[in-house]
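One structure below.
Rule-based calculations on the coordinates, nothing more; no lab input. Owing to the predicted nature of the structure, the values given are computational and were not obtained by experimental measurement. Cβ: placed from backbone, ideal geometry, glycine included. Neighbour counts: every protein chain shown.
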Amino acid sequence: RDAFAGVDPRGRAVLVHTGWDRHWGTATYGAGGHPYLTHGAAELLVQGGARLVGIDSLNIDDTGDGVRPAHTLLLSAGIPIVEHLCNLAALPAAGFRFHCVPAPFLGLGSFPARAYAVLS
């Protein structure tokens, strides 16, 4: 929650750069211990009016306890979640448009997408 102090998420895609993407393609990536959003952080983003939340990690929730507060809070507020993002370090803090184009799947809770940013 403290990581978002001073951030105005209203109407924006909030992309959480944790650096976990450095493990992409390795056994470490899925082995546990990945960064995730806390209940308080997800609540703040919902209350703040975020339009989408993405993270460069295995999961937006802690996979060790099964509680899934970020999924529950964000999705119930109509805020899409994008996980497994890479190269967020290459983006500026502002001044770009984020696009996430899903493949044409029906009836799935999770699916691949092409995510990219267009710099101003």
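When DSSP beta bridges are restricted to pairs lying wholly in the chain, around 55% turn out antiparallel. Computed about the Cα centre, the dipole magnitude for the chain is approximately 400 debye when only Lys and Arg (+1) and Asp and Glu (-1) carry charge, each at its Cβ.
Report the calculated FRET efficiency for A94 and Q47 (r = Cβ-Cβ distance, R0 = 22 Å), to the nearest 0.05. It would help to have the intermediate numbers written out before the result.
Details: r = 21 Å, r/R0 = 0.95.
Once the sixth-power term is evaluated, E becomes 0.60.
With contacts taken as Cα pairs under 8 Å at a separation of at least 6 residues, the chain carries a relative contact order of 24 percent. Within the shell of other residues whose beta carbon sits under 15 angstrom from the beta carbon of H99, the net charge comes to +4, with Lys and Arg scored +1 and Asp and Glu -1. Going 7 Å from the Cα of R114 along its beta-carbon direction, which residues of region 76-94 have the amide nitrogen within less than 19 Å of the resulting point? Residues passing the 19 Å test: 82-88. With N the number of residues in the chain, Rg(Cα) / (2.2 N^0.38 Å) evaluates to 1.03.
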